[in-house]
1. Specify the inter-centroid distance of segment A:122-155 and segment B:33-73, based on alpha-carbon positions, in whole Å.
2. For a test of the definition: using alpha carbon positions, the gyration tensor, and the 1.5 limit on a/c, classify segment B:21-141 as rounded, prolate or oblate.
3. Among B:33, B:18, B:38, which comes first, second and so on when ranked by fewest other beta-carbon atoms within 10 Å?
4. Give the calculated FRET efficiency between residue A:302 and residue B:208 to the nearest 0.05, with a Förster radius of 45 Å applied to their Cβ-Cβ distance.
5. In what sequence do A:64, B:20, A:134, B:41 fall when counting other Cβ within 10 Å, fewest first?
6. Other chains' Cβ within 10 Å of B:112-124 residues: what's the mean?
7. What length, rounded to one decimal in nm, is gained on full extension from residue B:43 through to residue B:143, with 0.36 nm per residue of separation minus their alpha-carbon distance?
8. When B:220, B:182, B:22, B:53 are ordered from fewest to most other Cβ atoms inside 10 Å of their Cβ, what list results?
Ligand SMILES: Nc1ncnc2c1ncn2[C@@H]1O[C@H](COP(=O)(O)OP(=O)(O)O)[C@@H](O)[C@H]1O
Ligand SMILES: [Mg+2]
């Protein structure tokens, strides 16, 4: 059954089984509000995910080992020994001695002159860049230090982005919050559709009984309500999407005015925008499914 | 669809009790055969409507056995009900027209429910409306129709899909004798096409108008003459005009799956 003539709305000049069973005039507006909030929550969640990805890349990257001792030969020995130990250390992806040239170049703006040119024995620490395969937690840093302390007592170990760890945790928490919010909004949608569908069912009970008596199936009847649910959710969804996008654009303007690097990482990629644009479709799908299940379960209680 | 001589309905010791009251129907046993014309008579409150409700599967009995179209109708799973109901045409005592649909759309409803294509609906429905004298009321809503007109819409709706069994509850109660006769002729021609016709009425004159009809009489919920084989004697000349049943989309319906249509 393709359902053309049967369910076809009066809109297309084809009489249906039921008059458009308005699920209730507030329906599109409730959906619009829910979709707008979902869009904002999803945008926040996705932005936070991007920021977290950025932060965790930093965290993963970052350990610096400095050998701080005045005697150049000792410094070199200790640095070589530390590098050898680090290379063999489990979890170390890469360990690289920062060349003296490079260091000199780095320090030039600070010292006003290339240190190598003038004061060779200026106690510039030897630097080793280390990349770990997991975030540089204090525990891991402690373990690294313990391993190299024997061969390089002058070594100091710092997580490059160690300060980001609590931020990272906060971001993760906020992401969970956004996810939870979206789940709650989905539940609100379901509740609104269930109530509206039950209401509409009660209003059309007599017609439904007649259609049943004429051999109409539950699925045929449910389809009428699904169609209405789809149209009302689509109308609300488009309004909600528009409102939500206006809100996130305004929010992101305010944030980028802060000029923080963190916020730069929170920018939405085009794939994120695709996800956001699909939210109303998700709302329509949820509304249709809810209407169908509500109507079918109610009809099953009729003879 | 049905074997020529196989019974179409069989009631065996059926009882019906509404709530906790006394039985509205007691020890009902009878058999209906294809293409026969049955009258169900009895005083008001005798249980005619209750018996018809069992016949058109709107009510389950409190006890007893009911077989319909060769299947146990009592244990019939819910998803098979639509298929059975599409083989039935029902004229409800209170018409039960869909208030927001025009006369045309009400009559077209069984065809639409059965999935008949829209282009195969217009002609038979218009012809049927013409036959019951409602061609000019085609687009009227039920609320704007008189009782008699509503009844004729209900009858047109019941016969439009050429059911295997027609069940009519006092179908001529609101029309003038001339129209009543015309409607009876419609039922008879349906019977000649193989439909089993069951008409509940307390109008004895009506019964006399249908020779070859069989009579079942209800009295306080019990069926007298339970064989249902009482034949009314008067013979009459065959009716003049043939109702437009031959034009009804029988073939279109035959092609439809009668069972549950999946979504
Ligand atoms: N839905 C119902 N609930 C309770 N009692 C009913 C119901 N329908 C009918 N009855 C009772 O069953 C008996 C038979 O009614 P009905 O079948 O309508 O008789 P008829 O159609 O012959 O007038 C009556 O006593 C009536 O009051
Ligand atoms: Mg009655």
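1. The distance from the Cα centre of segment A:122-155 to that of segment B:33-73 comes to 92 Å.
2. Details: a/c = 2.25, a/b = 1.69, b/c = 1.33.
Since a/c reaches 1.5 and a/b is larger than b/c, the shape of segment B:21-141 is classed as prolate.
3. Details: B:33 16, B:18 12, B:38 22.
So the ranking, lowest neighbour count to highest, is B:18, B:33, B:38.
4. Details: r = 40 Å, r/R0 = 0.89.
The calculated FRET efficiency here is 0.65.
5. Details: A:64 16, B:20 5, A:134 11, B:41 20.
Ordered from fewest to most neighbouring Cβ atoms within 10 Å, A:64, B:20, A:134, B:41 come out as B:20, A:134, A:64, B:41.
6. On the way: counts 14, 12, 5, 7, 2, 3, 6, 1, 1, 1, 0, 0, 0.
Partner Cβ neighbours, averaged per residue: 4.
7. Values: separation 100, 0.36 × 100 = 36.00 nm, distance 2.92 nm.
Gain on extension, residue B:43 to residue B:143, equals 33.1 nm.
8. Numbers: B:220 14, B:182 19, B:22 9, B:53 22.
Exposure proxy ranking, most exposed first: B:22, B:220, B:182, B:53.
The numbers here are math on the coordinates, done by the rules we state, and not lab data. Quick caveat, the model's predicted, so the values are computed rather than measured. Heads up, the Cβs are rebuilt from the backbone with ideal geometry, glycines too, and the neighbour counts pull from every protein chain shown.
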